[in-house]
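Reviewing the structure listed below.
The values are calculated or read from the model by the stated rules, or taken from the named source; none is laboratory data. Just so you know, these numbers come straight off a predicted model, no measurement behind them. Neighbour counts are summed over all protein chains in view; Cβ atoms, including those assigned to glycine, are modelled from backbone coordinates with ideal geometry. These area figures cover heavy atoms from the full protein model, side chains too; ligands, DNA and RNA do not enter into them. Shrake-Rupley method; radii C 1.70, N 1.55, O 1.52, S 1.80 Å.
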Protein chains: 2
Amino acid sequence: MVTRDPDAKRRQLVQAALAEFAAHGIAGARIDRIAKAANCSAGLVYTYFGSKDDLFSAAFDSLIETVLEEAPITPDDLPEYAGKLFDGYEDHPEVARFLTWHRLESDPDRAPNAAAIASTADKIAAIEDAQRRGVLPEHLVPAELLGMILQISAVWTAATPEFGEAVAQYTRADRRRVVTDAVAALIRP
Amino acid sequence: MVTRDPDAKRRQLVQAALAEFAAHGIAGARIDRIAKAANCSAGLVYTYFGSKDDLFSAAFDSLIETVLEEAPITPDDLPEYAGKLFDGYEDHPEVARFLTWHRLESDPDRAPNAAAIASTADKIAAIEDAQRRGVLPEHLVPAELLGMILQISAVWTAATPEFGEAVAQYTRADRRRVVTDAVAALIRP
DNA sequence: CGTTGTCAAATGAATATTCATTCAATAGGC
DNA sequence: GCCTATTGAATGAATATTCATTTGACAACG
């Protein structure tokens with residue numbers, strides 16, 4: 001028999017929710033599908049999470065935790081940092097989709113994720129430090145540079161189908177080089 | 001009394017649909033709200049468009065038509081082109097939202113928008129031509145450069161709430177300069 | 001001029017389904 | 001036996017879609 005394990009069930013539900021929300025967003029997600037994917041009833045979702053929105057929020061927090069662990073910033077080699085972000089998007093396309101749904105759909109009154117804010121502040125500080133050490137040009141504003149790197153890394157995930165036609169034959173290595181080259185150009189002294 | 005004017009009513013419905021879909025996406029949009037905003041009954045939407053998905057598609061086509069007319073590419077001054085795109089996003093934030101919903105939600109089996117594909121090809125050709133005339137460095141691949149410019153222009157619309165905290169005090173002029181400077185750095189010989 | 005026939009535009013009230021959420025009842029492990 | 005996890009069957013509110021009917025414009029006709 002299956003032995004009961006509430007923590008494992010909770011994790012299963014979060015995993016299933018991540019996949020469902022990444023695919024369909026909040027409005028398009030179906031609690032039934034999430035429950036079925038986690039091998040339980042829809043009712044159990046409410047025992048654990050209370051509501052669809054709360055489940056989305058829990059899934060988001062879990063995703064942030066995972067994402068922040070991978071891809072630590074390497075301020076001495078920002079092109080490679082962007083490349084690592086690119087790798088993350090390629091290997092886990094559902095992450096970018098989920099984050100996009102989050103930006104579009106989540107309740108703006110909800111408190112923003114504290115870990116994400118702290119991590120952003122850390123990255124900006126790391127860039128400032130690299131400037132002080134002379135490995136990055138002084139004229140760049142750290143927060144702006146960081147924002148630009150994040151955006152550039154996602155250039156291929158954000159491409160429209162219409163644009164995709166123009167680059168259909170690109171290999172993954174090609175796409176990665178486009179990202180790292182762009183960041184290299186940005187930080188050229 | 002209100003005189004009947006089917007073309008005007010159709011345009012009203014498309015306008016209302018654009019606003020509703022930009023705000024809530026396909027799954028979150030409500031036909032009732034669209035009909036009310038266009039001063040007609042929900043049934044009329046089906047007389048004109050047949051289904052929610054078809055209405056979304058019609059709204060998308062209309063948006064593309066509008067967007068392509070504004071912001072013609074200026075290959076001799078790409079930083080300013082990016083600035084113009086930035087202006088468009090700032091003045092019409094619903095456009096970026098709508099396009100994002102489109103990327104996430106629209107049926108991949110639907111035929112891509114031919115005008116958008118043609119326009120992309122035109123822009124790439126314009127960049128190639130500028131390279132031939134010597135106003136742009138040869139080492140850049142036109143399609144890649146175009147994709148990068150489009151992505152960079154949208155850097156602020158794609159910023160997460162968490163990142164937004166780091167740049168809350170930025171003025172619009174600041175944000176625009178970040179965009180144009182980045183494109184200038186990209187095309188530096 | 002009025003009357004009337006015709007057709008498209010438009011309505012509003014069903015229809016029928018989908019879905020989040022609740023809850024009383026059951027089962028598992030200690 | 002007791003506590004918690006879990007179920008599965010309601011519930012009830014939305015909501016997309018259909019359709020029989022009404023309304024408005026317009027032109028043919030007397």
Item to check | Karplus-derived 3J(HN,Hα), 6.51/-1.76/1.60, for each residue of the stretch B:112-123, Hz, glycine and proline x | outcome: x, 5, 5, 4, 5, 5, 4, 5, 4, 4, 4, 5
Checklist outcome for this item: So, relative contact order of the stretch A:34-189 in percent, Cα under 8 Å, 6 or more apart, is 31
Checklist outcome for this item: Counting only protein heavy atoms with a 1.4 Å probe and every protein chain in place, the carbon and sulfur fraction of the accessible surface of the stretch B:69-147 in whole percent equals 53
Next on the checklist: For a quick check: with amide H placed at 1.01 Å from N, whose amide H comes under 5 Å from B:L136's, ignoring anything fewer than 5 positions away on the same chain?
Outcome noted: B:Q131
Checklist entry - Quick one: net charge of B:P142's neighbours, Cβ under 12 Å, K/R +1, D/E -1? => result -3
Item to check | the stretch B:109-160 and the stretch A:89-123: distance between their alpha carbon centers, rounded to Å | outcome: 27
Item to check | On Cα atoms only, tilt of A:6-28 relative to the major axis of chain A in degrees | outcome: 70
Checklist entry - Residue by residue, what Karplus-based ³J(HN,Hα) values in Hz, rounded to whole numbers, does the stretch B:97-104 have, using 6.51, -1.76 and 1.60 with θ = phi - 60° and x for Gly and Pro? => result 4, 4, 5, 5, 4, 4, 5, 7
Checklist entry - In terms of Cα to Cα distance under 17 Å, which lysines are near enough to B:K123, apart from those fewer than 8 places away along the same chain? => result B:K84
Next on the checklist: Over the stretch B:1-61, what is the relative contact order in percent, taking alpha-carbon pairs closer than 8 angstrom and at least six residues apart?
Outcome noted: 36
Next on the checklist: Can you compute 3J(HN,Hα) from phi for each residue in the stretch A:168-181, using the Karplus curve 6.51 cos²θ - 1.76 cosθ + 1.60 with θ = phi - 60°, rounded to whole Hz and x for Gly and Pro?
Outcome noted: 4, 8, 5, 8, 4, 5, 4, 4, 5, 4, 4, 5, 5, 4
Checklist entry - Where nothing but the Cβ of Lys and Arg (+1) and of Asp and Glu (-1) is charged, how large is the charge dipole of the stretch A:47-105 around its Cα centre, in debye to the nearest 20? => result 320
